[in-house]
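Participant: To start, I am sharing the structure in question, which I have written as structure tokens.
Derivation of every value follows stated rules applied to the coordinates shown; laboratory data play no part. All values reported here derive from a predicted model rather than from experimental measurement. So basically every Cβ, Gly included, is an ideal-geometry build from the backbone, and we count neighbours across all protein chains shown.
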């Protein structure tokens, strides 16, 4: 088994900070993921750090007043409850830096063929509001920026988080150069879905074999039809059978096979792929980091 020591990885130390360890969203998972990957010997001279972000960076895809009210803690309690995270300066720092990390990951993927972000996948954020632990949408931001800068002609957002990428779907609905595909558990959050270019709603308790068949057929078909210049892959691990917010019955080995399938399908077709970690929920914080590391470990084998 040959490990690629030059796999580009993107991370910023501000992704994790002091946070309630009992909160449903495990803010420490980013630092824990970094340390786990480091312990696996996957970090050498291949680590890249994004610049610190500000609201102005995200104005390309988000409402200016929403961004600045968020930055200055001027949003109402009701709006913040929909997001589900307590406001802090540290949270703002990581919120506005992470999209620049996804963009850097995509740029590295275009150069190297594959790259992994040790964060990202905030697909519930909409144009003028946040939801489901997501404040700004790194996927919409990255795809739109790449097209605007003429780095690519077209992008496929391939979202395999267990929850539908409603914000991404809504924000990119009228963009002819970005195709959004979400494969998710149908009877799960968000309960009001927005139409992606392609949505595949899965039944509760779906298991590995059928799931992997769906992923394989869907991705192969999309690459053949779209011939994308880049795949932005949201490798959510909340599909796992014991995830706190999942409702599917995908094994740990099933996630490994899924990620290997996605990466190899893209590489075989000559399509660069940039990965983000997406969702994952677990009271066992170490185990959660190990789950999120699956995509990095699989990418290092390519």
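Participant: Express as a percent, rounded to the nearest 5, the fraction of DSSP beta bridges in segment 75-209 (both residues included) that run antiparallel.
Facilitator: Just about 10 percent of them are antiparallel.
Participant: Which distance in nm do the two modelled labels at residue 216 and residue 268 give, with both placed 7 Å along the Cα-to-Cβ direction?
Facilitator: 0.8 nm
Participant: Sticking with this one: If the elastic network links every pair of Cα atoms under 10 Å, which of 100, 52, 156 fluctuates the most in the Gaussian network model of the chain?
Facilitator: Greatest mean-square fluctuation among the candidates belongs to 52.
Participant: Using Cβ counts within 10 Å as a stand-in for footprinting exposure, how do 28, 65 rank, fewest first?
Facilitator: Ranked by crowding around the Cβ, least crowded first: 65, 28.
Participant: I've got another one for you. Quote to one decimal, in nm, the extra length available between residue 69 and residue 200 on full extension: 0.36 nm per residue of separation minus the C-alpha distance between them.
Facilitator: Net length gain for the segment: 43.7 nm.
Participant: What is the distance in Å between the Cα centres of segment 230-302 and segment 7-38?
Facilitator: 16 Å
Participant: If segment 63-176 were replaced by its equivalent ellipsoid, with semi-axes equal to the square roots of 5 times the Cα gyration tensor eigenvalues, what would those be, largest first, whole Å?
Facilitator: Output for segment 63-176: semi-axes of 25, 15, 13 Å.
Participant: Looking at the chain as a GNM with Cα springs under 10 Å, which of 265, 97, 275 has the largest mean-square fluctuation?
Facilitator: In this elastic network of the chain, the residue with the biggest mean-square fluctuation among 265, 97, 275 is 265.
Participant: Right, another one. Going by how many other Cβ atoms sit within 10 Å of their own, how do 131, 268 line up, fewest first? Working shown, then result.
Facilitator: Working: 131 20, 268 10.
Ordered by Cβ neighbours within 10 Å, fewest first: 268, 131.
Participant: For the residues 147, 276, 178, what sequence is obtained by ranking on other C-beta atoms within 10 Å, fewest first?
Facilitator: Exposure proxy ranking, most exposed first: 147, 178, 276.
Participant: Run the helix sum for the chain: -39,500 (n - 2.57) per DSSP H stretch of 4+ residues, divided by residue count, reported at 222 nm to the nearest 500 deg cm²/dmol.
Facilitator: -12000 deg cm²/dmol
Participant: What share of the DSSP beta bridges in the chain is antiparallel, in percent to the nearest 5?
Facilitator: Around 5 percent antiparallel, to the nearest 5.
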